[in-house]
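The structure appears below as structure tokens.
The values are calculated or read from the model by the stated rules, or taken from the named source; none is laboratory data. Quick caveat, the model's predicted, so the values are computed rather than measured. Every residue, glycine among them, receives a Cβ derived from its backbone with ideal geometry; neighbour counts consider all protein chains shown. What goes into the accessible areas is simple: the full protein's heavy atoms, side chains included, and nothing from ligands, DNA or RNA. Shrake-Rupley method; radii C 1.70, N 1.55, O 1.52, S 1.80 Å.
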Amino acid sequence: MKQGSVGIVETKNHKINRKIKLESGKKFGPINISYETYGNLNEEKTNAILICHPLTADAHAAGYHPGDTKPGWWDNMIGPGKTFDTEKYYIICSNVLGGCKGTTGPPSTNPETGKPYGTDFPVVTIKDMVKVQKKLTENLGIKKLLAVAGGSLGGMQALQWTVTYPNKVKYCIPIATTAKSSPQQIAFNEVGRRAIMSDPNWNNGNYYNKKPPKNGLALARMVGHITYLSDESMKKKFGRKLRNKKEFTYDFDINFEVESYLKYKGKTFVERFDANSYLYLTRAVDYFDLTNGENELTNAFKNVKTKFLVIAITSDWLYPPYQSKEIVRALEANDIEVSYSELRSTYGHDAFLLEPGQMKHLITSFLRKITVNDVMEETTPIINKKTSIKQASKTMMKNNSTHLPVITQNGKIAGIITAWDIAKAVSEDLKELEDVMTNNVVTANPNESIRSVINKIKKHNISALPVVDKKQKVIGTISSDVISQLITKDTPTPETDNQTNL
Ligand SMILES: CC(=O)SCCNC(=O)CCNC(=O)[C@H](O)C(C)(C)COP(=O)(O)OP(=O)(O)OC[C@H]1O[C@@H](n2cnc3c(N)ncnc32)[C@H](O)[C@@H]1OP(=O)(O)O
Ligand SMILES: N[C@@H](CCO)C(=O)O
């Protein structure tokens, strides 16, 4: 299938007016959440995927803002026919709490003072960020996310979702991340923060409407950016090439290409990021520890019900594959379904932004495992065989439904009644449900593949199927609308699996 762009997009806002309790114990609010969405939410609201962004990205993950020449930060992954296929899924991405791209953070105006919060902004954690995202998904009417995915800080948020809200996420894709920040990761963050705080313009965080600490922030990014690359990629990209000169200048001006590159990365970064936000977000990363200081990761996942694809990057020395493998082992120790894949790349940590081909292969193979259970409507109205036609029509109207599964006294599936059957009963003056309902009802089972259900729908020319468990009890319904959205022409029938367990 041809890959396309989501086109022109807009950043939207949702406001939480009440204060929320932060992990630190402080209460904080109001909070604005900036977010973007791509694709369409199906009627059952079962196809939503939340994308959590890495450290310095934002809600603008895909498409273009009017007048922009560059698309959102994960545009190579989100769009029609892409990994996160907007023809199938409803994609949400929001800026994190503490960020500087629309969601409330240190540069936002404190309503109590009318001035930017600066360092009056409370220290927030990844759990707090996820709490805020949960409020956004609730506001969008989503009871359960089909998936949550993200790299680096985004991966931490994805993991946190499954721990804090075990019943709210079906699939989780943490990429190039860890369940607990290591001393090395904290150390690099601290160097960045010290660079910012040593800049006299930082002024204890009170620099808004004054000169911002550009030098400190640029230095922080330069250090950070080195950790996102790899020895090999730097060798390939720059070697020992000199910048616009044939020989050393024997001073401390820029001699090497790599110096020039880092300087450029620092300079462009300060144009798009806030120094205080950098302090707060790196602090949230430092504090991230799903074990809550207990060291035993297995316990952290004991209530988790999500299925996982954990992706590590072979050349990532900042979040090395061993940290992903720790997550996998802890999940397996809890009998949680998990696949582990390594993305083979020399790019280093940032490879999750730079290898869309491999990412697509890994993630679409995983998402292809979606079954009826993942996307069915769980709150299906059901009627008893003895219900009158009038009552059945009332239930249909009340639930805005065109199909109602009919059950026996002992709760087993007995048939199905459609709006058409009701019309027939009225025109022929039939009073009993049993006179018009279909008895030989075609059903789906919760573990059935989407491909299998589409075949049934086509074969029987029907638009919705009751989903029944092993005891023939109705546990939901699945409609052709949901299914047709999840199946595209490119979806191969056999389900290949390139992912391994450790
Ligand atoms: C908003 C967000 O995007 S945040 C989420 C991810 N983004 C980031 O991490 C930061 C922003 N993005 C980047 O740094 C990069 O795009 C990456 C790391 C994601 C991808 O890297 P690449 O595609 O390999 O780009 P690369 O790191 O080579 O950077 C290219 C830029 O460096 C410049 N550059 C390359 N070599 C040199 C050099 N020797 N001296 C000066 N500048 C140089 C290029 O001119 C180019 O400039 P441009 O961005 O203005 O066009
Ligand atoms: N380079 C990316 C990933 C960092 O983990 C960012 O700046 O957000």
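Hey, got the dipole for segment 378-486? About the Cα centre, +1 on K and R Cβ, -1 on D and E Cβ, debye to the nearest 20?
260
For the chain, give the percent of accessible area contributed by carbon and sulfur heavy atoms, probe 1.4 Å, rounded to a whole number. Write out the running numbers ahead of the final one.
Details: 11560 of 23580 Å².
Answer for the chain: carbon and sulfur cover 49 percent of the accessible area.
For segment 181-287, give the magnitude of the charge dipole about the Cα centre (Cβ charges: +1 Lys/Arg, -1 Asp/Glu; no others), in debye to the nearest 20.
320
Compare the Cα positions of 284, 198, 266 along the charge dipole of segment 181-287 (+1 at Cβ of Lys, Arg; -1 at Cβ of Asp, Glu; about the Cα centre) and return the one farthest towards the positive end.
Checking the options against the dipole of segment 181-287, the answer is 266.
Can you work out D for the chain in µm² s⁻¹ from Stokes-Einstein, where Rh is the Kirkwood radius over C-alpha pairs, the temperature is 4 °C and the viscosity is 1.567 mPa s?
Diffusion coefficient, whole number: 52 µm²/s.
Which of rounded, prolate or oblate describes segment 410-467 when judged by the alpha-carbon gyration tensor and an a/c cut-off of 1.5?
The shape class here is oblate.
What ranking do 179-189, 279-289, 422-432 get when scored by the average of other Cβ atoms within 10 Å per residue, highest first?
279-289, 179-189, 422-432
To check my understanding: the extent here is largest minus smallest coordinate of the Cα atoms along each principal axis. What are those three numbers for segment 378-486, in Å, largest first?
Taking the Cα atoms of segment 378-486, the three principal extents are 39, 28, 24 Å.
For segment 181-287, just say rounded, prolate or oblate: build the C-alpha gyration tensor, square-root its eigenvalues into a ≥ b ≥ c, call rounded for a/c under 1.5, and beyond that prolate if a/b exceeds b/c, oblate if not.
Since a/c reaches 1.5 but b/c is at least a/b, the shape of segment 181-287 is classed as oblate.
Cross-link list 386/412; 82/305; 82/369; 143/398: which exceed 22 angstrom alpha carbon to alpha carbon?
82/305
Once you've got the Cα coordinates, tell me which of 302/360; 21/134; 45/144 are over 20 Å apart.
302/360
Please give the FRET efficiency for residue 204 paired with residue 451, using the beta carbon to beta carbon distance and R0 = 56 Å, rounded to the nearest 0.05.
On the way: r = 60 Å, r/R0 = 1.06.
After rounding to 0.05, the efficiency reads 0.40.
Would you work out the charge dipole size for the chain about its Cα centre, treating the Cβ of every Lys and Arg as +1 and the Cβ of every Asp and Glu as -1, and quote it to the nearest 20 debye?
560
Which order do the peptides 320-330, 67-77 take when ranked by the mean count of other beta-carbon atoms within 10 Å per residue, highest first? Intermediate values should be presented prior to the final figure.
Values: 320-330: 19.0, 67-77: 17.2.
So the peptides 320-330, 67-77, ranked by packing, come out 320-330, 67-77.
Over segment 27-144, what per residue volume does the convex hull of the Cα atoms give, in whole Å³? Let's see the in-between values first.
Details: hull volume 14.8 nm³, N = 118.
With only Cα atoms used, segment 27-144 gives 125 Å³ per residue.
Taking a point 7 angstrom from the Cα of residue 458 along the C-beta vector, which residues in segment 465-487 have backbone N less than 13 Å away?
Correct set: 484, 487.
Expected output is a single nm value to one decimal: the length gained when fully extending between residue 70 and residue 243, i.e. 0.36 nm times separation in residues minus the C-alpha distance. What is it? It would help to have the intermediate numbers written out before the result.
Numbers: separation 173, 0.36 × 173 = 62.28 nm, distance 2.65 nm.
The span from residue 70 to residue 243 would gain 59.6 nm if fully extended.
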